[in-house]
1. Along the charge dipole of the chain, Cβ charges K/R +1 and D/E -1, which of 327, 96, 65 sits furthest on the positive end?
2. At a 10 Å Cβ-Cβ cut-off, how would you order 159, 52, 23, fewest neighbours first?
3. Determine the shape class of region 47-183: with a ≥ b ≥ c the square roots of the Cα gyration tensor eigenvalues, call it rounded for a/c under 1.5, and otherwise prolate if a/b is greater than b/c, oblate otherwise.
4. Could you tell me which of 227, 243, 200 has its Cα farthest along the dipole of region 190-243 towards the positive end, charges placed at Cβ (Lys, Arg +1; Asp, Glu -1), taken about the Cα centre?
5. Taking all pairs of distinct Cα atoms, average 1/r, flip it, and tell me the Kirkwood hydrodynamic radius of the chain in Å to one decimal place.
6. Towards the positive end of the charge dipole of the chain, with charges on Cβ (+1 Lys, Arg; -1 Asp, Glu), say which of 309, 144, 183 has the farthest Cα.
7. Counting Lys and Arg as +1 and Asp and Glu as -1, each charge on the Cβ, what is the dipole of the chain about the Cα centre in debye, to the nearest 20?
8. How would you classify region 277-341 from its alpha-carbon gyration tensor, with a ≥ b ≥ c the square roots of the eigenvalues: rounded for a/c under 1.5, else prolate if a/b is greater than b/c, otherwise oblate?
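Throughout, read-outs are computed from the coordinates displayed, never taken from laboratory work. If you're wondering where the values come from, they're calculated on a predicted model, not measured in any experiment. Cβ sites come from the backbone with ideal geometry, for glycine too, and all protein chains shown count toward neighbours.
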Amino acid sequence: MSDGIGLAEALLGLPGFRVLEVHETADEVVITIETTATIAWCAVCGVRAEVHDRTRVEVRDLACFGRPARLVWRKRRWRCREHACDARTWTERSEHFDTQRVITRRAGAEACRQVGELARPVSKVAEEFGVCWWTVMNAVVEHGTPLVDDPDRVGRVRHLGIDETSFLKANRTHPIVYATGLVDLQRHVVIDMVNGNSAADLRRWTANADPDWLANIKVVATDLTESFRAGLSPHLTHVRRVADPFHVVRVANRCLDNVRRRVQNETLGHRGRKHDPLYRIRKLLLSGAERLDEPGADRMLLGLRVGDPNDELLGAWLAKESVRDVYLATTWRDARTLLDKTIVGCLADEVPRS
Ligand SMILES: [Zn+2]
């Protein structure tokens, strides 16, 4: 392979095609190709066909060395030589190209992988491939739907996670649109997304699920809202319901924040301002103790010394950390001991909850 065309074909890697020409413009690489099929036979009568004419089909392919690539397929239209035959003319087809699609199959599959597996924004992938947003989105739907629908994708699930997420921001025509995600907590696989976040939405989903599949679920982790608890009834009443650590710690953080605001107000007579000692350490207080480096810990302690004369916020911080410590336990016995200690500690502390 010493000639340029041979090199170009090796780089293109599209079996059944040969490269006629490669040229580049300011923003893309254009590769003109044709199939290697120089002989064709009529599918109707079996007579050898002749080339009638050629059409140009322009299709986007995988980006080439960082630049969008465009394939120009000089597509043959064949004609049957037999006058009595009904076949007349037909154009070439290839497994690499879908008619009506503006990108090759392999580019579509890669666009889907970039968005689905690597969680890249559709707009970025579209820019890289030199196509519009909808082209990538259609490829994601086309190549992704069979993956999502694959019956083997979600097997038996023992630990189910349920959590809401805000899916669309509010605008003039609708309030925030929520969706509920269902996750296999052991395999870290998203099982489904449900429109809405109410008990009825969850109940509707469980009503449609296979009862045997539901019966296998032992534990469901949710946030602390009542809606999901109510939504587990009647199809998932047999499960043990646990709270997601993230949401438990968030409650502790919220209490800590409330105490900080109150102490701030009581000592300074106004809401937090940029240079107030407690306002300045608000983020440090919410970080896990193990994530604070030495300067961070020093700054936090200094802030507390200056802004928390009665150690109320310090008490709330210790309570928050003891809630987090419960998750250090590796056995349920240790966890229970730590949880009891946390509760006793909070009850003994005279600091109000907020
Ligand atoms: Zn024919």
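1. 327
2. On the way: 159 17, 52 14, 23 10.
The most exposed by this proxy come first: 23, 52, 159.
3. On the way: a/c = 2.84, a/b = 2.13, b/c = 1.33.
Judged from the Cα gyration tensor, region 47-183 comes out prolate (a/c at least 1.5, a/b above b/c).
4. 243
5. Working: mean 1/r = 0.0375 Å⁻¹.
Here the Kirkwood hydrodynamic radius works out to 26.6 Å.
6. 309
7. Details: 53 positive and 50 negative charges, 129 e Å.
About 620 debye.
8. Numbers: a/c = 3.55, a/b = 1.95, b/c = 1.82.
Judged from the Cα gyration tensor, region 277-341 comes out prolate (a/c at least 1.5, a/b above b/c).
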